[in-house]
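The next block holds one structure in the form of C-alpha coordinates; read it before the comments.
The values are calculated or read from the model by the stated rules, or taken from the named source; none is laboratory data. Treat the numbers as computed from the prediction; the structure is a model and nothing was measured. Every residue, glycine among them, receives a Cβ derived from its backbone with ideal geometry; neighbour counts consider all protein chains shown.
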(Lines give C-alpha, C1' and ligand atoms only; values in the text may rest on other atoms or scores of the structure.)
Protein backbone atom coordinates (compact mmCIF):
# COMPACT_ATOMS: atom_id res chain seq x y z
CA UNK A 1 0.00 0.00 0.00
CA UNK A 2 1.36 3.41 -0.93
CA UNK A 3 1.43 6.08 1.77
CA UNK A 4 2.95 9.54 2.33
CA UNK A 5 5.78 7.86 4.26
CA UNK A 6 6.51 5.21 1.64
CA UNK A 7 5.21 1.80 0.75
CA UNK A 8 3.60 -0.21 3.54
CA UNK A 9 3.29 -3.98 3.66
CA UNK A 10 -0.09 -5.01 5.03
CA UNK A 11 -1.14 -8.52 6.06
CA UNK A 12 -4.59 -9.48 7.28
CA UNK A 13 -6.33 -12.63 8.38
CA UNK A 14 -10.12 -12.71 8.38
CA UNK A 15 -10.20 -8.90 8.33
CA UNK A 16 -7.84 -8.46 11.30
CA UNK A 17 -4.51 -6.73 10.72
CA UNK A 18 -1.65 -9.13 11.45
CA UNK A 19 1.15 -6.98 10.15
CA UNK A 20 1.77 -3.44 8.99
CA UNK A 21 5.41 -2.92 8.12
CA UNK A 22 7.44 -0.51 6.06
CA UNK A 23 8.29 -1.71 2.56
CA UNK A 24 12.01 -2.12 3.34
CA UNK A 25 11.15 -4.71 6.02
CA UNK A 26 9.64 -7.18 3.56
CA UNK A 27 11.98 -10.09 4.42
CA UNK A 28 11.50 -9.65 8.18
CA UNK A 29 7.75 -9.38 7.66
CA UNK A 30 7.57 -12.61 5.69
CA UNK A 31 9.57 -14.46 8.35
CA UNK A 32 7.27 -13.12 11.08
CA UNK A 33 4.19 -14.24 9.15
CA UNK A 34 5.62 -17.71 8.47
CA UNK A 35 6.58 -18.15 12.14
CA UNK A 36 3.41 -16.72 13.73
CA UNK A 37 0.83 -17.84 11.16
CA UNK A 38 2.13 -21.19 9.85
CA UNK A 39 0.06 -22.67 7.08
CA UNK A 40 -1.51 -19.34 6.14
CA UNK A 41 -1.24 -18.40 2.52
CA UNK A 42 0.74 -15.28 1.76
CA UNK A 43 -1.17 -14.11 -1.25
CA UNK A 44 -0.28 -10.88 -3.02
CA UNK A 45 -3.43 -8.87 -3.27
CA UNK A 46 -4.86 -5.69 -1.94
CA UNK A 47 -5.73 -5.65 1.73
CA UNK A 48 -9.37 -5.41 2.74
CA UNK A 49 -11.04 -2.18 1.63
CA UNK A 50 -11.97 -1.21 5.21
CA UNK A 51 -8.34 -1.43 6.37
CA UNK A 52 -7.04 0.51 3.36
CA UNK A 53 -9.79 3.11 3.81
CA UNK A 54 -8.94 3.54 7.51
CA UNK A 55 -5.25 3.99 6.74
CA UNK A 56 -6.00 6.41 3.90
CA UNK A 57 -8.24 8.40 6.27
CA UNK A 58 -5.51 8.42 8.93
CA UNK A 59 -2.99 9.81 6.46
CA UNK A 60 -5.59 12.37 5.28
CA UNK A 61 -5.88 13.69 8.84
CA UNK A 62 -8.56 11.54 10.52
CA UNK A 63 -6.18 10.35 13.21
CA UNK A 64 -8.79 8.18 14.95
CA UNK A 65 -9.62 6.27 11.75
CA UNK A 66 -7.35 3.34 12.65
CA UNK A 67 -8.54 3.06 16.26
CA UNK A 68 -11.42 0.74 15.40
CA UNK A 69 -9.36 -1.71 13.34
CA UNK A 70 -9.01 -5.20 14.75
CA UNK A 71 -5.42 -6.29 15.30
CA UNK A 72 -4.27 -9.90 15.44
CA UNK A 73 -0.63 -9.59 16.49
CA UNK A 74 1.09 -12.62 17.94
CA UNK A 75 3.79 -12.45 20.55
CA UNK A 76 4.50 -13.34 24.14
CA UNK A 77 1.89 -12.49 26.80
CA UNK A 78 4.14 -9.61 27.92
CA UNK A 79 4.46 -8.24 24.38
CA UNK A 80 0.70 -8.42 23.91
CA UNK A 81 0.14 -6.40 27.11
CA UNK A 82 2.62 -3.77 25.95
CA UNK A 83 1.02 -3.57 22.50
CA UNK A 84 -2.45 -3.26 24.02
CA UNK A 85 -1.20 -0.42 26.20
CA UNK A 86 0.34 1.32 23.18
CA UNK A 87 -3.10 1.42 21.57
CA UNK A 88 -4.33 3.42 24.56
CA UNK A 89 -1.99 6.33 23.78
CA UNK A 90 -4.13 8.83 21.89
CA UNK A 91 -2.94 10.51 18.72
CA UNK A 92 -1.09 13.71 19.49
CA UNK A 93 0.27 12.36 22.76
CA UNK A 94 3.49 10.55 23.61
CA UNK A 95 4.66 8.28 26.40
CA UNK A 96 7.96 6.83 27.58
CA UNK A 97 8.99 3.22 28.09
CA UNK A 98 8.73 3.80 31.84
CA UNK A 99 5.18 5.18 31.44
CA UNK A 100 4.15 1.98 29.64
CA UNK A 101 5.94 -0.24 32.18
CA UNK A 102 4.08 1.49 35.01
CA UNK A 103 0.76 1.31 33.14
CA UNK A 104 1.00 -2.47 32.75
CA UNK A 105 1.91 -2.88 36.42
CA UNK A 106 5.59 -3.72 35.89
CA UNK A 107 7.44 -0.47 36.61
CA UNK A 108 10.88 -2.13 36.61
CA UNK A 109 10.38 -3.72 33.17
CA UNK A 110 11.41 -0.59 31.24
CA UNK A 111 13.98 -2.38 29.05
CA UNK A 112 11.59 -5.25 28.34
CA UNK A 113 8.95 -2.69 27.29
CA UNK A 114 11.51 -1.18 24.90
CA UNK A 115 12.19 -4.59 23.37
CA UNK A 116 8.48 -5.34 23.03
CA UNK A 117 7.91 -1.93 21.46
CA UNK A 118 10.65 -2.65 18.92
CA UNK A 119 9.04 -5.98 18.00
CA UNK A 120 5.60 -4.52 17.33
CA UNK A 121 4.46 -6.07 14.03
CA UNK A 122 1.59 -3.64 13.41
CA UNK A 123 3.12 -0.19 13.00
CA UNK A 124 0.94 2.92 13.08
CA UNK A 125 -2.20 1.04 14.22
CA UNK A 126 -0.31 -0.10 17.33
CA UNK A 127 1.37 3.29 17.68
CA UNK A 128 4.89 2.46 18.79
CA UNK A 129 5.95 5.74 17.14
CA UNK A 130 4.34 7.57 20.09
CA UNK A 131 7.05 6.31 22.45
CA UNK A 132 9.83 8.78 23.18
CA UNK A 133 12.69 8.74 25.66
CA UNK A 134 12.02 9.70 29.27
CA UNK A 135 14.14 12.79 28.66
CA UNK A 136 11.89 13.74 25.74
CA UNK A 137 14.29 12.55 23.04
CA UNK A 138 13.20 10.76 19.90
CA UNK A 139 14.12 7.10 20.27
CA UNK A 140 14.62 4.45 17.58
CA UNK A 141 11.93 3.42 15.15
CA UNK A 142 11.74 0.61 12.60
CA UNK A 143 10.80 3.03 9.82
CA UNK A 144 13.61 5.40 10.81
CA UNK A 145 13.61 8.53 12.93
CA UNK A 146 12.54 10.77 10.04
CA UNK A 147 9.38 8.69 9.56
CA UNK A 148 8.73 8.69 13.31
CA UNK A 149 9.09 12.48 13.38
CA UNK A 150 6.74 12.76 10.36
CA UNK A 151 4.09 10.61 12.09
CA UNK A 152 4.35 12.62 15.31
CA UNK A 153 4.10 15.94 13.40
CA UNK A 154 1.15 14.53 11.44
CA UNK A 155 -0.55 13.77 14.75
CA UNK A 156 0.11 17.26 16.08
CA UNK A 157 3.00 16.56 18.44
CA UNK A 158 4.97 19.79 18.56
CA UNK A 159 8.72 20.03 18.91
CA UNK A 160 9.68 17.09 16.70
CA UNK A 161 12.58 19.10 15.28
CA UNK A 162 13.80 19.58 18.84
CA UNK A 163 13.33 15.86 19.50
CA UNK A 164 15.47 15.11 16.43
CA UNK A 165 18.19 17.46 17.75
CA UNK A 166 17.55 20.16 15.12
CA UNK A 167 16.30 23.00 17.32
Of all residues making up region 88-112, the number that are crowded, with 17+ Cβ neighbours inside 10 Å and under 14 Å from the mean Cα position of the chain (by Cα): 4
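Residues are listed down the side, and each one gets a yes or a no for (1) within 13 Å of the chain's Cα centre (by Cα); (2) at pLDDT 90 or above; (3) not assigned by TED's automatic domain parsing to the domain that holds residue 17:
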residue: 125; (1), (2), (3): yes, yes, yes
residue: 137; (1), (2), (3): no, no, yes
residue: 140; (1), (2), (3): yes, no, yes
residue: 145; (1), (2), (3): no, yes, yes
residue: 150; (1), (2), (3): no, yes, yes
residue: 154; (1), (2), (3): no, yes, yes
residue: 158; (1), (2), (3): no, no, yes
Go through (1) surrounded by fewer than 17 Cβ atoms within 10 Å (Cβ to Cβ); (2) within 20 Å of residue 128 (Cβ to Cβ); (3) at pLDDT 85 or above; (4) within 17 Å of the chain's Cα centre (by Cα) one by one and return the number of the condition residue 23 breaks. (3)
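Conditions tested, residue by residue: (1) farther than 17 Å from residue 17 by Cβ; (2) in contact with a helix residue (DSSP H, G or I) (Cβ under 6 Å, 6 or more places away or on another chain); (3) touching a residue at least 40 places away in the same chain (Cβ under 8 Å).
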position: 101; (1), (2), (3): yes, yes, no
position: 107; (1), (2), (3): yes, yes, no
position: 130; (1), (2), (3): yes, no, yes
position: 134; (1), (2), (3): yes, yes, no
position: 152; (1), (2), (3): yes, yes, yes
position: 156; (1), (2), (3): yes, no, yes
Please count how many residues of region 139-155 are within 25 Å of residue 111 (Cβ to Cβ), out of contact with any strand residue (DSSP E or B) (no Cβ under 9 Å at 6 or more places or on another chain) and not in a helix (DSSP H, G or I). 1
